[in-house]
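First comes the structure, then the notes that go with it.
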Protein chains: 2
Amino acid sequence: MPDSYSQDIRDLHLFSEMEDQHFQSLIRAAYVQNFPPQIELITEGDPSDFLHVLLTGSVDLFSSWNDRETSMATVRPISTFILAATVRDAPYLMSARTIEKSRIMLIPSQNVREVFDQDGQFARAIVDELAQCYRGVIKNTKDLKLRTSLERLANYLLRQQARCGGAPVFTLDTEKRRVASVLGMTSENLSRAFKGLRPYGVCVTGRQITITNQQDLEGFAKPNPLIDQR
Amino acid sequence: MPDSYSQDIRDLHLFSEMEDQHFQSLIRAAYVQNFPPQIELITEGDPSDFLHVLLTGSVDLFSSWNDRETSMATVRPISTFILAATVRDAPYLMSARTIEKSRIMLIPSQNVREVFDQDGQFARAIVDELAQCYRGVIKNTKDLKLRTSLERLANYLLRQQARCGGAPVFTLDTEKRRVASVLGMTSENLSRAFKGLRPYGVCVTGRQITITNQQDLEGFAKPNPLIDQR
DNA sequence: GCCGAGAGTTGACATTTATCAAGTGAATGC
DNA sequence: GCATTCACTTGATAAATGTCAACTCTCGGC
């Protein structure tokens, strides 16, 4: 089902190089839907029927085990999610829920796999995307295993700052409790970690962060491109 | 450089479906080398010049930051490693060192990327492999974030048991200190964790593990296919 | 303007995990 | 045979992190 977002989707690295005929065929098979906040789009363990493309809003990817839950990532427009499950035709490993009101395109996994077999450029783009995702998760594992929660927070702030343009004052785009979960800690611990970064020049007011001493913070965080660069 | 292992490599899922001409071209460009134990094959951050195929022996993939080090995975024959860095032509995110005497085939990354562009079956296999690797790392992240170290060990033992055929007595194929690092804990803590599993019917003698009460252990470990099934 | 809901914070405390130091035990080499 | 090495274990202690309960603050609805 064509849609005003069609060109933005086309510009995604995943779709930009493929033949137009194949792109149109994917779009035709797809449909776009609006979801209210806090709707569970995907449940881990379910078969992966659709490749999802987030057009507007935001989506939380999370996982559960034994009554515990953790945020794995936050998806922001415009990007796809759960590509790996789609191409492998395997069950989802993560659940997904909308954080805010979101507009999402659903492309049947079957069609993705068909077009993949016909279009070499698309295949190449999928490989690139998967390899990048893989490397992202490896970086995340290194972050988790090699750093304390204070160090993870410090580096998270530096990454967020860079995403916001690098100025000393910037804003978290995520609720703190979700930040905590992404970083593998509790909300209470995050609160204390923010305090623990005060000696390194970090001031927190609500979601607004001010870094008064960039050098000090970087000296403590020791950011590393092989962990922190996306 | 052709080699007696050529057929075994050909049988790897990654290479099994590709055209013979392309396979031969990869093999011709490659060379095989023997390494003694404890040799650093790859250093994280270096450019990824070769796709590695472990033929015999074993290799530890590890990462370092700020004088800390952690084992990310153990590679066993016959399998490839650092495929993602090769296809993206990006620096290695992990270092690799031989654990024991190992025989390794090195295929120039350049050739892999060239053949990838020519051979659709090979491209398809790379996608499968990458998607599987990605899912493996996601499972690992869930293990790390959702479980305590005792639970991780319990599930590790169950997975190892399954790999050994499922009998109540089996052997760890890895030094305990490496097991500890893979599970994200210290050796000391692993030692205590083994003790902590005694009430659930786990007996440890050197590297030999005896599970005297399968039900109890599984009841505690709560293994989950979305985390533990490989 | 008041109220309620929910995110965030704080303090007290428990648990988990790491660190340091000392010891055991088995394999290796001279 | 004995010393050495190194993985592993153990105990004492410290540090990091989680849990629980109470509290504050803000925001939106009425």
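Look at the range B:145-159: where a residue is touching a residue at least 24 places away in the same chain (Cβ under 8 Å) and of a type in the set (S, T, N, Q) and a partner is open to solvent by less than 30 Å² (accessible area, probe 1.4 Å) and within 12 Å of DNA strand D (Cβ to nearest atom), sitting 6+ places away or on another chain with Cβ atoms under 6 Å, you get B:149/B:185; B:149/B:193.
Condition first: modelled with pLDDT under 95, of a type in the set (Val, Ile, Thr) and not in a strand (DSSP E or B). Now tell me which residues in the range B:33-56 satisfy that. Hit for the range B:33-56 is B:39, nothing else.
Taken over the range B:105-134, the criterion of being closer than 30 Å to residue A:224 by Cα, part of a helix (DSSP H, G or I) and open to solvent by less than 10 Å² (accessible area, probe 1.4 Å) is satisfied by B:109, B:112, B:126, B:127, B:130, B:131. Screening the range A:153-220 for strands (runs of 3 or more DSSP E) wholly inside it with 3 or more residues that are within 10 Å of DNA strand C (Cβ to nearest atom) and more than 14 Å from chain B (Cβ to nearest Cβ) returns no ranges. If the condition is being closer than 19 Å to residue A:71 by Cβ, within 14 Å of DNA strand D (Cβ to nearest atom) and either modelled with pLDDT under 95 or out of contact with any helix residue (DSSP H, G or I) (no Cβ under 6 Å at 6 or more places or on another chain) (or both), then the range A:193-230 contributes A:194, A:207.
When residue B:66 is tested against the conditions (1) open to solvent by 40 Å² or more (accessible area, probe 1.4 Å); (2) in contact (Cβ under 8 Å) with a residue 24 or more places away in the chain, the lone failure is (2). Restricting attention to the range A:77-91, the residues that are more than 10 Å from every other protein chain (Cβ to nearest Cβ), within 15 Å of residue A:41 (Cα to Cα) and open to solvent by 50 Å² or more (accessible area, probe 1.4 Å) total 0. Taking the criterion of being open to solvent by 40 Å² or more (accessible area, probe 1.4 Å), under 12 Å from the mean Cα position of the chain (by Cα) and in the same structural domain as residue B:13 (by TED's automatic domain parsing), would at least one residue in the range B:92-104 satisfy it? No - not one qualifying residue is present in the range B:92-104.
In this structure, does residue A:194 turn out to be within 25 Å of residue A:220 (Cβ to Cβ), open to solvent by less than 50 Å² (accessible area, probe 1.4 Å) and either in contact (Cβ under 8 Å) with a residue 24 or more places away in the chain or acidic (Asp, Glu) (or both)?
Considered against the rule, which asks whether it is within 25 Å of residue A:220 (Cβ to Cβ), open to solvent by less than 50 Å² (accessible area, probe 1.4 Å) and either in contact (Cβ under 8 Å) with a residue 24 or more places away in the chain or acidic (Asp, Glu) (or both), residue A:194 comes out as yes.
The values are calculated or read from the model by the stated rules, or taken from the named source; none is laboratory data. Quick caveat, the model's predicted, so the values are computed rather than measured. Because the Cβ atoms are built from the backbone with ideal geometry, glycine has one as well, and the counts that use them run over all protein chains shown. Ligands, DNA and RNA are stripped out before the accessible areas are found, and what is left, the full protein with its side chains, is counted by its heavy atoms. Shrake-Rupley method; radii C 1.70, N 1.55, O 1.52, S 1.80 Å.
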